[in-house]
Amino acid sequence: MQTLRPLLVRTLLAVFTAYHALAFWHAQYPPAPLADLLGRMYWPSNWSMFTRYTRRHSRIVVQGSFDGQWRRLPMEQWFPMLWDTGYRWERTMVTRSVSLQRAFLWAACERSGGAAEVRFVRYSWPRRLGQMDQRMRRARHQIMRVWPCNRPVPPMGRGTLL
Amino acid sequence: MISFPRSPASAWTWTRVLFGSALLLEWLPRAAHLEELYSSESVIVYRPPFSITDTVIWSPRTAWIIWSVLTLSLVLLIAGRFVRLALGIFLATSLSLMLFETLHLKAYDRLAFWQTLALCFAPWSAKGEDAERRGGAARYMLLATYVALYVGTGFSKVRAGEGWIMGDALSYHFVALGVGGLPIGVFLSGIPWVMTGLAWFTVGFECLFPVAIWFRRTSGWILLAGIVFHVGILLTMSVGAFSLISIAPYPVLAHPDVWRRFEGRVEAVRAWIMRRVRPAAA
């Protein structure tokens, strides 16, 4: 055991190092056919932080349709947790995933008190360097997804309530 | 056989206290939104392969129990009681909450995961000289994690091109909704030459770290640059406890001789202050 232990520790360290090295390599040069699968595998050690940037702010507003009129729904009151890069429904992984968007749109349907449809609208406007005032001005908007409230979305997690 | 210099027990103690405190600062405020994020009251999402929501959904009561145990484990970690057990409990409880929520799982949460894993191998039960003979694996794991962290993000910035060369990327991050908007960052974002300098410093530090950290002559300097870098982030960007979590293991990352020299200087300053204070008190 005394001779095995150092060998075991060094093997573990080698695996640890190899994982981080492969994760780095994957982040820089993702192989096309397996990029998605490997991306998930190496995600715990993917450290591309603040690499990309945009010159525009972006906010996602949830609207509900009541008698044909679109009104803003108070998502910020229903789900107030604001964390670093925005609300949960504003995370890039949500804006890129239809199934994640549906989960939030259905939550908005359930709380809206009778909306016929709900939708995600993305507003974007220029960032102003050197200024504290970054209020929405000259905003563009884009309707990202509409969901009819008569089409229930099955829960994403099917785990047992504990 | 490869061998690595071991850190003195005091470096591990400093790391333990700093790391536990940084995590406590990060996890205490999460209580305000615990049910909204980590329980059946949340908008539940499932993101394979890391989500646990297809197996289990925490009720609000369970979420509170998990969070309380997590907090207790951090208090034990800071106090130096049952350290390895506290680290294990923190790892299990933090993962069970973060892998439930998944959307707000940040880079510093992942960093804390690797750090905790490494600290599980640290010589917590050893005393004095025995502690200095052990802990090589834990120190190496921390070094490997930090090399991957800094070279990963630094190299990505170099490859991203002009934005990080001219400083535009940093300027626009400083005024971003959410992560930006702090007065110092917003003020600096309007001065292009300062932003170019800061961008070069950032990329330079991140790309040099993986080389400089291994040598006794340079490890102290690169860690000093790291402290400047992380304090800069703390003053200019709202990214939670990222800076504090990142700096916490620096005492162990430093070459053991560098740490001992630093400790000696701190002790000399303390003794000088005591000499000045004592006559006044008398």
Dipole axis of region B:9-281 (+1 Lys, Arg; -1 Asp, Glu on Cβ), positive-most option in B:L177, B:V158, B:F215: B:F215
Cα centroid of region B:248-276 to Cα centroid of region A:127-162, whole Å: 50 Å
Relative contact order (%) - criterion: Cα under 8 Å, at least six apart; region: chain A: 20 percent
Chain B, dipole about Cα centre (Lys/Arg Cβ +1, Asp/Glu Cβ -1), debye to the nearest 20: 1200 debye
Debye intensity ratio in log₁₀ form over the Cα atoms of region B:15-157, taken at each q of 0.18, 0.21 Å⁻¹: -1.07, -1.28
Under-5 Å amide H pairs with A:H57, H placed in peptide plane, nonlocal only: A:W125, A:R127
Point-to-point label distance, A:S99-B:R261, nm (Cα→Cβ direction, 7 Å offset): 5.5 nm
Relative contact order for region B:9-281, counting Cα pairs under 8 Å that sit 6 or more residues apart, in percent: 20 percent
Region B:1-140: relative contact order in percent, alpha carbon pairs under 8 Å with at least 6 residues between: 31 percent
Options B:A137, B:L77, B:S125, ranked by Cα towards positive dipole end of chain B, top entry (Cβ charges): B:S125
Mean Kyte hydropathy of -0.5 or more with a Cα span along the axis of at least 15 Å, helices from DSSP in chain A: A:4-28, A:98-111
222 nm mean residue ellipticity, helices alone, for chain A (DSSP H n ≥ 4; -39,500 (n - 2.57); rounded to 500): -10500 deg cm²/dmol
B:V56 long-range amide H proximity, modeled H, under 5 Å: A:G159, A:T160
The protein assembly as shown - Cys residues lacking any other Cys C-beta under 4.7 Å: B:C120, B:C207
Cβ charges +1 (Lys, Arg) and -1 (Asp, Glu), total dipole of chain A, debye: 520 debye
The protein assembly as shown, dipole about Cα centre (Lys/Arg Cβ +1, Asp/Glu Cβ -1), debye to the nearest 20: 540 debye
Chain A: most fluctuating residue of A:A108, A:A116, A:A21 per GNM, C-alpha cutoff 10 Å: A:A21
Accessible area expressed per residue, the protein assembly as shown, with surrounding protein chains retained (probe 1.4 Å, Å²): 50 Å²
Percent breakdown of C-alpha pair distances by 10 Å bin, ordered from the shortest bin, for chain B: 6, 24, 29, 26, 13, 2, 0
Global form of region A:1-63, assessed from the alpha-carbon gyration tensor, a/c cut-off 1.5: prolate
Gaussian network model of chain B, springs between alpha carbon atoms under 10 Å - residue of B:A241, B:A160, B:A118 with greatest fluctuation: B:A160
Gyration tensor (alpha-carbon) shape descriptor, region B:124-265, a/c threshold 1.5: prolate
Sequence-distant residues sharing a close amide H with A:R145 (under 5 Å, placed H): A:F120
For the protein assembly as shown: rounded, prolate or oblate by the Cα gyration tensor [a/c cutoff 1.5]: prolate
Per-residue SASA entry for B:E206, accessible area with 1.4 Å probe, Å² rounded to 10: 10 Å²
Per residue Cα convex hull volume in Å³ - calculated over chain A: 227 Å³
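The values are calculated or read from the model by the stated rules, or taken from the named source; none is laboratory data. Bear in mind that the values here come from a model prediction, so they are computed numbers and not experimental data. So basically every Cβ, Gly included, is an ideal-geometry build from the backbone, and we count neighbours across all protein chains shown. Calculation scope for accessible area: heavy atoms of the full protein, side chains included, ligands and nucleic acids excluded. Shrake-Rupley method; radii C 1.70, N 1.55, O 1.52, S 1.80 Å.
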